[in-house]
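Chemist: Just passing along the structure, written as structure tokens.
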Amino acid sequence: MIKVKGLSYVYKDGSVALKNMTLDFNNGNVIGIIGENGAGKSTLFLNIMGILKPGTGEILYKDSQISYDRNYLKNYRKKIGIVFQDPDKQIFFSNVYDDIAFALRNSDIPEDIVKNRVLDALEDTDLLEVQKKPVHFLSYGQKKRVSIAGAMAMDCEIILFDEPSAGLDPSMREKIINIIHNLKSEGKKVIISSHDMDFIYKVTDYIYVLKDGSNVLEGDPSEVFLNDDKLKECGLEQPWLIKIHQNMKVPAFKEEYELYKYWSEINENSNNWNGLQGSPHRD
Amino acid sequence: MLSMDRHAYSNGLTDANPLKKGAFAGTLLGIALVFDISTLHLLIALGTSIIVIIMGKVDFRVYLKLFMIPGSFLILSILTLLVSISTDQKNFLISGEIFGFYFGVVKTSLSLSWLIFTRCLATLSIAYFTALTIPVNQMVVIMKKLRLPSVLIELIVLMYRFINIFIKSFYESYNALILKNGFADLRKSRKSISLLAAMMFNKILGGYKDWRVVLETKNFNGDFHV
């Protein structure tokens, strides 16, 4: 659906943000973009959204190059939404409902549809009870979900998340993971940029690793995260489940509970074995 | 300001009809400004205060504290109106002499000061009634009913949102400076205040850039649909 071909971007001050980058977002449904600070993740997102225009290369949406014409971008941004890292910088209204409805109203969607979409988004993000609360009384996690609800209400085909788990407590992080899983099950494509390796490992099914504006590694998360040397070279580290897999020779599980289940089965088997053989600590 | 805002959203009258609350405040304001009757002004001040404290369930100490801020300015202004200077003692009700000049209170200034004082009390209590019982989202309903231009309503709503972001941002920077002993003495305080001003200026400029990008991604067409 969306591809980036030979993309390069240089900022006005001369700093090179993206170098001949080629990424195919058809490789997965939830795609992770990882890399250290300054690797080019945010610049890539701004290029995909048509905010920045690449120096060379192209962004293909449904196999045609995106146009920077105002009308084209208006329709394009109905299909592709973005959730930025800092919710305070993307919530304009003091009222949750109006903020979620903002992009819909800008797209001239009739008010009855706006209402249905906003209420659905509020329900999906577990925000129904705070819809009348002023935004500045909400917690950081709730504000983050308001900004996610804004993108979800647009019913976009693709949603880009910039650091979705940054600054969240474990329960809010879990809620965001559930929202991403639900988006995936609804057939939406999710592209996530993050430094949170455990989060990325848990939710994504394909990963691109960026370094100094270039794509240096890509593939299935379990394979990419096994390449510890390359990750270290890129200023990243392995998720803890992969570390356990490599150091304790257990299978590479994606979820914590799978590891505990595996261990309990091993223990059960070893107890049964001991029961048959008798106590291993005989005098 | 944040505490007033919090009360506006959580007082006993929050769910009351905003148009009725607005009409009530507007009528009382009209009466207070048109009639020169101090007793009426005092009754308005007392009545609205009772409504805010008893029906609105706003803590009496909080309400009193809110009155203290403009109250101190009010008393200072009334004192300057009240005291007259003259070389002739005969018009003064009470007076004292310093270097041949008489300082004191004359009958006309006393009645005028009293009238201004009670009118200010009445209008202040109406202003607090409005601020403490009508939250901004209800203000928008009233402003729309009054057919105020949508640009003005949009501006008010955006200002309200950004004032809150500004206050939050200000306190974050201010607390960071306190933790770095930025206000340890007068010289450091002066430097910290200038740093704080520069920081806020940079944050506003940076914020403007980010907000512009976000508005673009939300297909902003110049209308905030308030």
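The values are calculated or read from the model by the stated rules, or taken from the named source; none is laboratory data. This structure is a prediction, so every number in the text was calculated from the model and none was measured. Note: ideal-geometry Cβ built from the backbone for every residue, glycine included; neighbour counts use all protein chains shown. These area figures cover heavy atoms from the full protein model, side chains too; ligands, DNA and RNA do not enter into them. Shrake-Rupley method; radii C 1.70, N 1.55, O 1.52, S 1.80 Å.
Chemist: Taking the conditions exactly as written (among the hydrophobic types (A, V, I, L, M, F, W, C) and in contact (Cβ under 8 Å) with a residue 40 or more places away in the chain), does A:Ile180 satisfy them or not?
Modeler: Values: among the hydrophobic types (A, V, I, L, M, F, W, C): yes; in contact (Cβ under 8 Å) with a residue 40 or more places away in the chain: yes.
Taking the combined requirement at face value, the residue satisfies it.
Chemist: Within 25 Å of A:Asn71 (Cα to Cα), outside the structural domain of B:Leu19 (by TED's automatic domain parsing) and open to solvent by 50 Å² or more (accessible area, probe 1.4 Å): which single residue out of B:Tyr174, B:Tyr208 fits that description?
Modeler: Details: B:Tyr174 fails: within 25 Å of A:Asn71 (Cα to Cα).
When all the criteria are applied, what remains is B:Tyr208.
Chemist: State which residue pairs qualify: first residue on the phi > 0 side of the Ramachandran plot and inside the range B:50-74, second residue surrounded by 12 or more Cβ atoms within 10 Å (Cβ to Cβ) and not hydroxyl-bearing (Ser, Thr, Tyr) in any location, beta carbons under 8 Å apart, and separation of 6 or more residues or different chains.
Modeler: Matching pairs, first to second residue: B:Lys57/B:Asn11; B:Lys57/B:Gly12.
Chemist: Looking only at residues in the range A:1-21 that are touching a Gly at 6+ places or on another chain (Cβ under 6 Å) and within 14 Å of A:Val216 (Cβ to Cβ), which one is surrounded by the fewest Cβ atoms within 10 Å (Cβ to Cβ)?
Modeler: Here the answer is A:Asn20.
Chemist: Please go through the range B:109-152 and give me each residue that is in a helix (DSSP H, G or I), over 25 Å from B:Leu13 (Cβ atoms) and open to solvent by 60 Å² or more (accessible area, probe 1.4 Å), ordered by number.
Modeler: B:Leu110, B:Ser111, B:Leu112, B:Trp114, B:Ser150, B:Val151, B:Leu152
Chemist: Here's something else I'd like to know. Just to verify a result, which residue in the range A:80-128, among those that are over 24 Å from the mean Cα position of the chain (by Cα) and basic (Lys, Arg), is farthest from the other protein chains (Cβ to nearest Cβ)?
Modeler: A:Lys115
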